[in-house]
Structure formats: C-alpha cells, structure tokens
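Heads up: the structure comes next, in structure tokens.
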Amino acid sequence: MVDSSRDQSQGTIASQELRDIVRQQLQGLLEINDYQGAKVLLQPVQYPDIAEAIEGLPETLQALAFRLLPKDEAIEVYEYLDSSVQQALIDELRSQDVLDLVEQMSPDDRVRLFDELPAKIVRRLLQQLSPAEREITSLLLGYGTGTAGRLMTPEYIALKEGMTGDQALARVRLMAPRTETIYTLYVTDVSRRLTGILSLRELLVASSEASIGELMTRDVISVHTDTDQEEVARVIQRYDLLAVPVVDREERLVGIVTVDDVIDILEEEATEDIYTLGGVQSGEDDYFQTNLLTVARRRVVWLFVLLITNTGTSAVISSQEEVLSKVVALAAFIPLLIGTGGNVGAQSSTVVIRGLNTDRLRSMNPLTIVSRELIAGALLGVMLAIVVTVWAFLLEGNWQVAIAVGFSLFVISVLASTAGSVLPLIFKRFGLDPALMSAPFITTVVDVAGVFVYLQLARVILGLN
C-alpha cells in the first residue's frame, strides 16, 4: 500500500513537471516566432494540459498560442480554460472566430461562459448563434443561477418503451455524436415524461428483440430544474451516478447533469466554505486573480467585526484589574488560556460545519452532536489541564495559581467545544450558512468568555475579594 501511494505521488509529480516543461517550451517557441515548432509540440498533448499550458503563458502570448490550434481541437481546449482566460480570448480573437467557438460549445459550458461575460457581449453572441443553439441557450439561461436547470445539458439520448434492442442501438449510433454521454440512456413516454433508465451495457447484452420496457429500470433517481446545484452534486455522489436526469414540474425530461460538472461544483463549494471558515469573503471571482484593493475590502469586513468583538476581552481585563494587581502572575497565563480555548472551539466548529455541509450529520440529533463535542471538550480539558497545572507550578511555584490556571483551562475547553458546535447548528436552524460562524469568530467569542471565566475562578480559588 505504501509503495503504491509513493508510486502514485511520484507519477503526479512527474506529470506536473511534464506540464511545466511543455509550458516553458511553448513560451520559448512563441517568443522566437517558431510557430510550426509550437504546433508540433502541442500535437501529442492532451486537451486539459494544453489549456493549462496556455493559462500559464503571459497574456500577450495566450491568444497567439490558441490561434495555432486546429479548429476542432481549439473548441475542445477552450472548454477547459479558466473563465478569465476565456474572456480574454474573446477580446483578442476575431468576431467570426469567437462565434465559431461559442457555436460549437456544449450548451452547459456555453451558459457558464455567458454567466462570466458582460451582458452586452452575451446579447450580441446570442443573436449571432444559430436558431437551434440560441433556443437551447436561452432556455438554460432562463433557469435560476446555481440550479440544476442552469447546470444541465439538453444533449442526452431518449428511448421509447416500445423500441426493440436493435431499434434502440440504431438510435444510440445516430445520436451519439451529438450527446455528452451515452453510457446512461433515458426512457420517456409520448409526453416526454421520464419513465425509466437503461445502461448501455444492459442494452448491448440484451436480446435484439427484447423491448426497452422489459429491460429498463423504472425506479429512477432524478432532480428538478430548481434543485440547488449543491444538492445535485450530493445526489450524484450518494448514488455513484455518471449523470442524473433533470425533470420539470410535469416530470418531463429536459436535460441531464453529468459527473464532470459536479466535480467543478464540489470544488467551488469547498473553496467557498474554506474561505468563509477563514473569515474571507471570496466573492464570485478567482481570489488570486482579483484586484488587491478588492481583496483587502472583502477581508477587512470580518476583521472589523473581530476587532470590535475583541474589545470585549480588553473590557473584561480592565474590569478585573484589582485581581491582576494582587496576583500579577495570573496575567502571564491569559494568552495561553485564550489561545488554547480558541483552538478547541475552532476544531469543534470546523468538524460540525463540515458535517453539516456534507450532510453527514443529517441523521443525528442536534443534542447528540452537542453532547458529543461537550464530552470531547471535557476529555481534552482534563488532559491539557494536568500538563498546564504542572507547568504553571514550575514557573510560579504557587499551587493556588497553578490550580486556577489548570481548572480554568478545563472549563474553557468545555465551553469552547460546546460553543463551537452549538453556534453553527443555530445558524443552520435559521436557514443561514453554518460556515458564516467561522473559526475566527468562534475564537473571538471564546477569548472574551475565557478571560472572564479565568479571572472569576482565580478570584474564588485565591480567595480574593
């Protein structure tokens, strides 16, 4: 198992190095105007790797490299490019070249591109599309952003229950060049209502005279056009589907969402959640390609909130100056206690938020979740408190101070783990994104509460009035 993992890791590194070499050589050939050499270099390279090589070039060379690709290959590569590069190429290419690219794109990829372009350009491109492609694109653009309808492609193969195996295979051969996937076939009635599904494998091994109605599976998993794209991703992930059918309110089949689109969704959603957990407002743009002033403006919002909240810690310390003046040693342990409490709270909030976002906690009672984290916090508190108590005594030589520090750390750990699990659940209950209850916010709340608990316990244990 270890050798296999090492081989896979080495293969990944070698593949990345190969892509870097291709990009470097491509840039070198373009800079010396060796266009024929650049064409030869790209011939054996896979479409996603060509797209990555073009993305890594200086902006002045990206359009030049793209123009060297044959038309059919350019259309395939274009769909793998980052949206910002796609937009830049639209500005650089001639109008007819752009129209040819957009016309040949699959409808779902075309809609994603249109979502990134200015409305004026979208209207112009829509008017120049062929009537059939314009109708399909307008249909998809009519669905809400982030829904299955906006994400789906209408390119699928539909069969009828009365067809024989031979008739169905003939239709698959006819439709295959124009569809996104042929591995799952869909069965509809005369009103286009989805009645069943059939895999290509089942069709190939069946008798040529068997009817589709006999071969198909009637228990169909589907989503509606207004289903949120994140839920679509969960359905495909949960049932290990290559594609999921999309139906309208009348249960008519209108499209399919394929697994490659879902991978993009999962990556986008995970990135968004991670940014939110870190207290960073990412927006809809690529964070690393966004103007730095915009980046600072987005990040400063959370920092202002945390700054104001942290004044609570200062207020608590100021209100307990009398205790600190009598036992100055107590002040030395404040950073240790609030830092540890913040970390415990951040751990609890992270696992709960992730569980909520992946539906792993759907079947669990909220009280069970909170109780589990409370017990975990207590166990952590005991282990940490023992170590800290001994360490505090070695530093200060005062058992009362050491016990105050250790017991406070135990209480703070329980409080932090409880808060880290409760607050995201409350946000979820009110229909808000649990990730908004991010680690920085949990840490700040625990800081304020932790300092208060520490100084109050110290007052009692040390017998201070």
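Points to keep in mind about this one:
- Selection within segment 95-143 - within 14 Å of A74 (Cα to Cα) and of a type in the set (D, E, K, R): D97, D100, E103
- Those residues of segment 281-301 which are open to solvent by less than 40 Å² (accessible area, probe 1.4 Å) and at pLDDT 65 or above, in sequence order: T290, T294, V295
- Near pairs, Cβ below 8 angstrom, 6+ apart or cross-chain, from segment 343-356 (under 10 Å from P434 (Cα atoms) and open to solvent by 20 Å² or more (accessible area, probe 1.4 Å)) to any residue that is at pLDDT below 85 and not in a helix (DSSP H, G or I): R354/R360
- Filtering segment 385-399 to residues that are free of Cβ contacts under 8 Å to residues at least 24 places away in the same chain and buried (at least 17 other Cβ atoms within 10 Å of the Cβ) leaves T389, F393.
- Where strands (runs of 3 or more DSSP E) fall entirely within segment 171-284, those with at least 2 residues that are closer than 19 Å to G149 by Cβ are at 184-188, 243-247, 253-258.
- V453 without any contact (Cβ under 8 Å) to a residue 24 or more places away in the chain, closer than 25 Å to M383 by Cα and either open to solvent by 10 Å² or more (accessible area, probe 1.4 Å) or in a helix (DSSP H, G or I) (or both): no
- Among the residues of this structure, R134 does not count as one that is assigned to a helix (DSSP H, G or I), under 25 Å from D189 (Cβ atoms) and without any contact (Cβ under 8 Å) to a residue 12 or more places away in the chain.
- Residue check for L361: outside any helix (DSSP H, G or I), out of contact with any Ser or Thr (no Cβ under 6 Å at 6 or more places or on another chain) and closer than 18 Å to P434 by Cβ: yes
- Of the residues making up segment 137-156, those that are in contact with a Ser or Thr (Cβ under 8 Å, 6 or more places away or on another chain) and either of a type in the set (A, V, I, L, M) or assigned to a loop (DSSP other than H, G, I, E, B) (or both) are Y143, A148, M152, E155, Y156.
- Candidates L174, L242 - the one that is of a type outside the set (F, W, Y) and free of Cβ contacts under 8 Å to residues at least 60 places away in the same chain: L174
- Taking the criterion of being under 14 Å from R429 (Cβ atoms) and surrounded by 16 or more Cβ atoms within 10 Å (Cβ to Cβ), the residues of segment 362-374 that qualify are I369, V370.
- Checking G377, G381 one by one, the residue that is within 17 Å of A346 (Cβ to Cβ), touching a helix residue (DSSP H, G or I) at 6+ places or on another chain (Cβ under 8 Å), crowded, with 22+ Cβ neighbours inside 10 Å and touching a residue at least 40 places away in the same chain (Cβ under 8 Å) is G377 and no other.
- Qualifying residue in segment 211-231 (condition: of a type in the set (A, V, I, L, M, F, W, C), touching a residue at least 40 places away in the same chain (Cβ under 8 Å) and more than 29 Å from T164 (Cα to Cα)): no
- Residues of segment 6-25 that turn out to be closer than 19 Å to Y80 by Cα and either open to solvent by 80 Å² or more (accessible area, probe 1.4 Å) or modelled with pLDDT of 90 or more (or both), as a count: 1
- Within the set Q62, Q128, Q96, the sole residue that is more than 23 Å from the chain's Cα centre (by Cα) and modelled with pLDDT under 85 turns out to be Q96.
- In segment 30-41, the qualifying residues are those that are among the hydrophobic types (A, V, I, L, M, F, W, C) and open to solvent by less than 40 Å² (accessible area, probe 1.4 Å), and the one that is farthest from E73 (Cα to Cα) is L30.
- Check on V45, closer than 21 Å to Y80 by Cβ, in a loop (DSSP other than H, G, I, E, B) and at pLDDT below 90: yes
- Residue ID - most open to solvent (accessible area, probe 1.4 Å), chosen from residues in segment 96-110 that are assigned to a helix (DSSP H, G or I) and closer than 21 Å to T225 by Cα: D109
- When we screen S318, S371 for residues that are assigned to a helix (DSSP H, G or I), modelled with pLDDT of 80 or more and hydroxyl-bearing (S, T, Y), the only hit is S371.
- Test: residue in segment 213-236 that is farther than 17 Å from Y156 by Cβ, surrounded by 13 or more Cβ atoms within 10 Å (Cβ to Cβ) and among the small types (G, A, S): yes
The values are calculated or read from the model by the stated rules, or taken from the named source; none is laboratory data. Bear in mind the structure is a predicted one, so any value in this text is a computation, not a measurement. Backbone-built Cβ (ideal geometry, glycine too); neighbour counts: all protein chains shown. Surface areas here come from the heavy atoms of the whole protein model, side chains and all, with no ligands, DNA or RNA. Shrake-Rupley method; radii C 1.70, N 1.55, O 1.52, S 1.80 Å.
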